[in-house]
1. Kindly express, to the nearest 10 degrees and within the range 0 to 90, the angle between helix 27-49's C-alpha long axis and the longest C-alpha principal axis of the chain.
2. Can you find, among Leu33, Leu45, Gly60, the residue sitting farthest towards the positive end of the charge dipole of region 22-73, where Lys and Arg contribute +1 and Asp and Glu -1 at Cβ?
3. How far apart, in nanometres, would the label points at Glu35 and Asn8 be if each is projected 7 angstrom from Cα along the Cα-to-Cβ direction?
4. Using unit Cβ charges (K, R positive; D, E negative) and no other charged atoms, how large, in debye to the nearest 20, is the dipole of the chain about its Cα centre?
5. How compact is the chain by the rule of thumb for globular proteins, expressed as Cα Rg over 2.2 N^0.38 Å?
6. Estimate the FRET efficiency between Lys68 and Lys24 by the formula 1/(1 + (r/R0)^6), using the beta-carbon distance for r and 35 Å for R0, to the nearest 0.05.
7. Kindly put Ile17, Ile42 in sequence by how many other C-beta atoms sit within 10 Å of each C-beta, fewest to most.
8. Return one number: the angle in degrees, 0 to 90 and rounded to the nearest 10, between the long axis of the Cα atoms of helix 3-13 and the longest principal axis of the Cα atoms of the chain.
Amino acid sequence: MGQRIRNNFNKRFGGRIRVVYAQKLSVEEKQLLNEKLCKAMIEVLSGILGREPTQREILGLDDISQCKLKKNQ
């Protein structure tokens, strides 16, 4: 991060967030992280929709803003 960006970041978040940059990862580590990220994204979509998302929704081909969302009870 450049100095100006770092200063703006610190002003906005006041040191409450620590930025850690990833080191070079092996192919296996990248694949594992991608799998974890995909599972987390599917879980978030499931929570929003109240059902399992379709493959088209996961890929971003279908607009989920038009879907009926799960009502809070």
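Derivation of every value follows stated rules applied to the coordinates shown; laboratory data play no part. Everything numeric here is computed off the predicted structure, so don't read it as measured data. Glycine gets a Cβ as well: all are built from the backbone with ideal geometry, and neighbour counts include every protein chain shown.
1. 50 degrees
2. Among Leu33, Leu45, Gly60, the one farthest towards the positive end of the dipole of region 22-73 is Leu45.
3. Those two pseudo-labels are separated by 3.9 nm.
4. 620 debye
5. Details: Rg = 17.9 Å, N = 73, 2.2 N^0.38 = 11.2 Å.
This ratio for the chain stands at 1.59.
6. Details: r = 44 Å, r/R0 = 1.26.
Efficiency at R0 = 35 Å is approximately 0.20.
7. Neighbour counts put them in this order, fewest first: Ile17, Ile42.
8. Once rounded, the angle reads 60 degrees.
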